[in-house]
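The values are calculated or read from the model by the stated rules, or taken from the named source; none is laboratory data. Keep in mind the model is a prediction, meaning the values are calculated, not measured. Please note: Cβ atoms are built from the backbone with ideal geometry, for glycine as well, and neighbour counts cover all protein chains shown.
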Amino acid sequence: MSVTIEDDYRESFSNYEPETLQDRMTVLNEDPSQYDEEEQEELLNEFIYALEQGDVRAADQYDGEWEANAWVKEGILSIFGLAENMAREDAENGEVYHDVMPTRNVEEFLDKGARNTPGTTLRVGNYFGDGSTVMSEAYVNIGAYVDDDTMVDSNVTFGSAAQMGENGHVGANTTIGGVLDPAEQVPVVIGDNVSIGAGSRITGGAQIGDNVNTGEELLLSPGIEVYDLVEGEVLEGEIPSERTAFRRTKESSVSDHELFDEDESVQKPIVVAVEYEEDAVELEDTLRMD
């Protein structure tokens, strides 16, 4: 038995009840047979709509700490498990593609002052806030959350369940990784007023606080060390709030391996974080610091 997520998914459920959605989706996630095929389809369409309205999201802050909403991530996985893969036609260019879900309905973008330029690919079930922008060739996956006045620039890949705050900018050719499994793992979370330099890679559930600027080609994942010069500590996969961060390298311990010559130095990427610089000239000087 499989369900179909059609282009008219927003009109394919009878009632919208976000306050009971968690309980109903939990039943579906644990035992889909509790619902017949029509009920499954309606519930998944309602769930997708709730994601697009921002009424449910893959992660939230609880007592100041980000935690995954496991039932939401499990719900997204249920779509892949239950929905039929079928031939579809892109309304923009007529291109035929095959997927378990259509591309996103963006009719509300005009009312909220949001923009998506030609060539963007937005899967269903992602949230875009007022004044947000998605530039050409960007790809935004299901469960992603892009808050008010944030720009996702050209050729960005924005993964499943990744969360980004307001007044931000994701530089061109950047990858924001998605994390669906395990459902309990916190996805990539980027705070408010954050500018990510072009060509960066933020993956594996890495976290960036509020008011952060990063240089180009930053690499951040749970295994990458962050040398926070403000507090004098070494973190992993996390940039605190109020920082300017940039990519550097340091010698790796594998340099001692017999495969390498004695005079060879094997480098590994690290992140160096200093005090936040908002002024454009000062920021440029900091990011180019030797």
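With the checklist (1) out of contact with any strand residue (DSSP E or B) (no Cβ under 7 Å at 6 or more places or on another chain); (2) part of a loop (DSSP other than H, G, I, E, B); (3) surrounded by 13 or more Cβ atoms within 10 Å (Cβ to Cβ) in hand, flag the one item Met101 doesn't pass.
Tallying (1) out of contact with any strand residue (DSSP E or B) (no Cβ under 7 Å at 6 or more places or on another chain); (2) part of a loop (DSSP other than H, G, I, E, B); (3) surrounded by 13 or more Cβ atoms within 10 Å (Cβ to Cβ), Met101 fails exactly one: (1).
So which of Trp71, Trp66 is more than 25 Å from Leu43 (Cα to Cα) and not in a loop (DSSP other than H, G, I, E, B)?
Going through Trp71, Trp66 in turn, the sole match is Trp66.
Which ones in segment 178-192 are over 11 Å from the mean Cα position of the chain (by Cα) and surrounded by 21 or more Cβ atoms within 10 Å (Cβ to Cβ)?
Gly191 - this is the single residue of segment 178-192 that is over 11 Å from the mean Cα position of the chain (by Cα) and surrounded by 21 or more Cβ atoms within 10 Å (Cβ to Cβ).
When you check Glu92 against the structure, is it in contact with a Gly (Cβ under 9 Å, 6 or more places away or on another chain) and either at positive phi or among the acidic types (Asp, Glu) (or both), yes or no?
yes
Just the residues that are in a loop (DSSP other than H, G, I, E, B) and small (Gly, Ala, Ser), please, taken from segment 174-195.
Gly177, Gly178, Ala183, Gly191
When you scan segment 126-141, how many residues do you find that are assigned to a loop (DSSP other than H, G, I, E, B) and closer than 12 Å to Glu52 by Cα?
3
List every residue pair whose Cβ atoms sit under 6 Å apart, with the two residues 6 or more apart in sequence or on different chains, where the first one lies in segment 148-177 and is in contact (Cβ under 8 Å) with a residue 40 or more places away in the chain and surrounded by fewer than 20 Cβ atoms within 10 Å (Cβ to Cβ) and the second, anywhere, is of a type outside the set (Gly, Ala, Ser) and in a loop (DSSP other than H, G, I, E, B).
Every condition considered, the pairs that remain are Asp153/Met135.
Would you say Glu95 is surrounded by fewer than 11 Cβ atoms within 10 Å (Cβ to Cβ), at pLDDT below 95 and farther than 22 Å from Gly165 by Cα?
So Glu95 fits the description; yes.
Taking the conditions exactly as written (more than 23 Å from Gln53 (Cα to Cα) and modelled with pLDDT of 95 or more), does Val152 satisfy them or not?
No; evaluated as a whole, the condition is false for this residue.
So if I check each of Glu258, Glu277, which one is surrounded by 12 or more Cβ atoms within 10 Å (Cβ to Cβ), charged (D, E, K, R), assigned to a loop (DSSP other than H, G, I, E, B) and at pLDDT below 95?
Only one candidate passes the filter, namely Glu277.
So how many residues does segment 1-36 have that are in contact (Cβ under 8 Å) with a residue 12 or more places away in the chain, assigned to a helix (DSSP H, G or I) and surrounded by fewer than 13 Cβ atoms within 10 Å (Cβ to Cβ)?
0
Return the total of residues in segment 104-120 being crowded, with 18+ Cβ neighbours inside 10 Å and farther than 16 Å from Met151 by Cβ.
2
Give the number of residues within segment 121-147 that are of a type in the set (Ser, Thr, Tyr) and either surrounded by fewer than 17 Cβ atoms within 10 Å (Cβ to Cβ) or more than 24 Å from Lys73 (Cβ to Cβ) (or both).
Qualifying residue count for the region: 2.
With respect to Gly131, determine if the residue is over 17 Å from the mean Cα position of the chain (by Cα), at pLDDT below 95 and not polar (S, T, N, Q).
Taking the combined requirement at face value, the residue does not satisfy it.
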